[in-house]
Amino acid sequence: MLIAQITDLHVGRVIETTSGPIDLLDRLVDAVNEINHSENLPTIVMVTGDISNHGHPDDYLRAKKVLDTLTMPYYIVPGNHDHRQQLRKIFAEHQYLQTNSPFLNYTLEQYSMRIIALDSLNPGTHTGLLCDERLKWVDEQLAQQPEIPALVFLHHPPNKIGSPYVDRMMCTNGETLGKIIEQHPQVKGVACGHVHRDVVISWHRTVLFITGSSAFSYDLMLKDVDDLDPVFEPSVYRLFNWQEETGLISHLCFIGHHPRGLSEGVPLPPS
Ligand SMILES: [Fe+2]
Ligand SMILES: [Fe+2]
């Protein structure tokens, strides 16, 4: 099973750059085209939050129009820039969002790996939150099927990355989530966004994958700063390959056109 993850689309934002303005909707178009034309077509795409930049209905409608051109099913997870009710309303045919719970948590059972999406949104703040109700929910979900491998998705990383500016916007109670995950060894990985950089952490007997944005990056900044400027490095998506024999393998994939070389064949190595 191939699972693509795109994250932090921030549709609605147009960023002024040294090369002119960049409309982030165009970056989403590029990401969707890249995935649709990949030699390694994913079974599903997980869209892990910050779909809009301001939670405006128009921005969701524009993002949805592009996401709907994906040739495989896609599933959305809210980020700190998102608005739960708008997501429910605009992505109305996404049945997994239409629950009685105040949170947009769900589990996908129809694939060879269980996909568990956890809502870490705390409205009005950029910091994530896993309250008791959400932590109990994920613990119960994992307890229901201990034999089936699972991949957990949430927007906010539950662990610091060593960048003080970013670490102030992480997930409250992330450590508690780690202790829960540790009790469920079928969790092969936890995948997040929010940081706009690729980071991988060995965490609570599993692997925490933080995937860079498919729209824009932030510079790596390990010292404390008051703000970070966006930077347009090649944008990315992550491709998880789950197979019983190999386990979970992650590939970071770059979006866009980059110079390609011609193969020189496979010369013999010097002896
Ligand atoms: Fe973001
Ligand atoms: Fe975020």
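Results, tabulated for the structure shown:
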quantity: Failed item, numbered, when residue 165 is tested on (1) within 16 Å of ligand 1 (Cβ to nearest atom); (2) out of contact with any Leu (no Cβ under 9 Å at 6 or more places or on another chain); (3) part of a helix (DSSP H, G or I); calculated: (2)
quantity: Single residue of 262, 228, 222 found to be in a loop (DSSP other than H, G, I, E, B), touching a strand residue (DSSP E or B) at 6+ places or on another chain (Cβ under 8 Å) and over 24 Å from residue 77 (Cα atoms); calculated: 228
quantity: Tabulated pairs, region 241-264, first over 30 Å from residue 147 (Cα atoms) and modelled with pLDDT under 95, second in a loop (DSSP other than H, G, I, E, B) and of a type outside the set (Lys, Arg), C-beta under 8 angstrom, 6+ apart or interchain; calculated: 256/234; 256/235; 258/234
quantity: Residue match in region 212-221 (condition: surrounded by fewer than 22 Cβ atoms within 10 Å (Cβ to Cβ), of a type in the set (S, T, N, Q) and within 16 Å of ligand 2 (Cβ to nearest atom)); calculated: yes
quantity: Subset of region 168-188 that is within 17 Å of residue 120 (Cα to Cα) and in a loop (DSSP other than H, G, I, E, B) - its residue that is farthest from ligand 2 (Cβ to nearest atom); calculated: 173
quantity: 1 or more residues within 16 Å of ligand 2 (Cβ to nearest atom) and touching a residue at least 40 places away in the same chain (Cβ under 8 Å): qualifying strands (runs of 3 or more DSSP E) within region 1-64; calculated: 2-6, 14-17, 44-47
quantity: Pick from region 72-109, criterion within 22 Å of residue 53 (Cβ to Cβ) and among the aliphatic types (A, V, I, L, M), ranking: nearest to ligand 2 (Cβ to nearest atom); calculated: 77
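The values are calculated or read from the model by the stated rules, or taken from the named source; none is laboratory data. This structure is a prediction, so every number in the text was calculated from the model and none was measured. Virtual Cβ from ideal backbone geometry, glycine too; neighbours counted across all protein chains shown.
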